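Worksheet: the structure to be examined is printed underneath.
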């Protein structure tokens, strides 16, 4: 086991200071940074000077607290650096470029991943080049005058699992046929010249939720991801739990207790039979529900299904309510397992189903098996249906700028 060098400690201290300033939307003072981090005044002063010189933070007037002399306010400069995020969703490839607060600078949507992953990586790299060229032509610059190529730190990639985070390989994803053992990190790095990180889309989505809000020490957050498939992620104190093989959170085959068809795994009424977008639409067609045009994206067809349910179509209503009951039953189990402080439900398909399904989710999940000292807070994600791409970008920010990621 290697010891931590002074360089490691210096970097972690710098990230501690930057993290505190980032989480202060109205700015903070150097003395407050000293108080909150426990670092010496001299150490904080040196770090602040370096961050100011690099244009990552700026001064924004002064503030007087108590009887002391006015203190200079320090604020993050969000557009000092940029990061790209790529989400390999089965329905489309999403690409975003965001700033340090994950505000979107630009975004693109490409056709769904094909059975030719090498060709898809070429498409992603070409689109990233085109996007940065457009920003050049539009005159985009950081506040201190650097262009987009100088500001772009790297790329985060979010993919359905299973994946190998350490090797940067998409292992054998049932939702991405043809991508077995694809070294996406190595390939994308070779084509762009930028550092690349990879994680599951469920973990990426949770990381995006946590990036803008400080996580209290020890707080457990459970995220339910409603996309082409169903997944979950858990964080404790701001750190996402991956498990021994990055397979934590695979919940598609949890039993629901409902009466249902046989699953491909050999059991009956698995969660994915009620929650996967394609499965929902297939059952709707079998019931003769008048769905929107089959050429429309899945999320739009699911929104149409929910609209029919709200308007009283019996078949549509039953399907969306079964979705909510199955999800609520799974959530009840996960709450018993993880004992979270908060639950966040999101993902590309959630907004389309939430209007009718949420009530059923809450109804079933709150029939607790265990007596709890407090009620678990259940929230809907505020990150929108592009949370996968935003989360992918945040993965890179988390690796580069979070003190927790540096140990």
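The values are calculated or read from the model by the stated rules, or taken from the named source; none is laboratory data. The structure displayed is predicted, hence computed values, not measured ones. Every residue, glycine among them, receives a Cβ derived from its backbone with ideal geometry; neighbour counts consider all protein chains shown.
Tell me which residues, restricted to the stretch 275-300, are in contact with a strand residue (DSSP E or B) (Cβ under 9 Å, 6 or more places away or on another chain) and either part of a loop (DSSP other than H, G, I, E, B) or more than 15 Å from residue 347 (Cβ to Cβ) (or both). Result: 276, 297.
Residues that are within 25 Å of residue 19 (Cα to Cα) and either out of contact with any helix residue (DSSP H, G or I) (no Cβ under 9 Å at 6 or more places or on another chain) or modelled with pLDDT under 90 (or both) are absent from the stretch 357-370.
Would you please name the residue that is modelled with the lowest pLDDT, looking only at residues in the stretch 166-188 that are more than 22 Å from residue 226 (Cα to Cα) and surrounded by fewer than 17 Cβ atoms within 10 Å (Cβ to Cβ)? Taking the candidates together, the pick is 166.
Scanning the stretch 27-73 for residues being in contact (Cβ under 8 Å) with a residue 40 or more places away in the chain, within 30 Å of residue 150 (Cα to Cα), out of contact with any helix residue (DSSP H, G or I) (no Cβ under 7 Å at 6 or more places or on another chain) and outside any strand (DSSP E or B) gives a total of 1. A single entry from 246, 233, 284, 309 fulfils the requirement of being modelled with pLDDT of 90 or more, within 22 Å of the chain's Cα centre (by Cα) and buried (at least 18 other Cβ atoms within 10 Å of the Cβ): 233.
Okay, residues lined up against (1) at pLDDT below 95; (2) under 22 Å from residue 209 (Cα atoms); (3) crowded, with 16+ Cβ neighbours inside 10 Å:
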residue: 92; (1), (2), (3): yes, yes, yes
residue: 97; (1), (2), (3): no, yes, yes
residue: 102; (1), (2), (3): yes, yes, yes
residue: 113; (1), (2), (3): no, no, yes
residue: 140; (1), (2), (3): no, no, yes
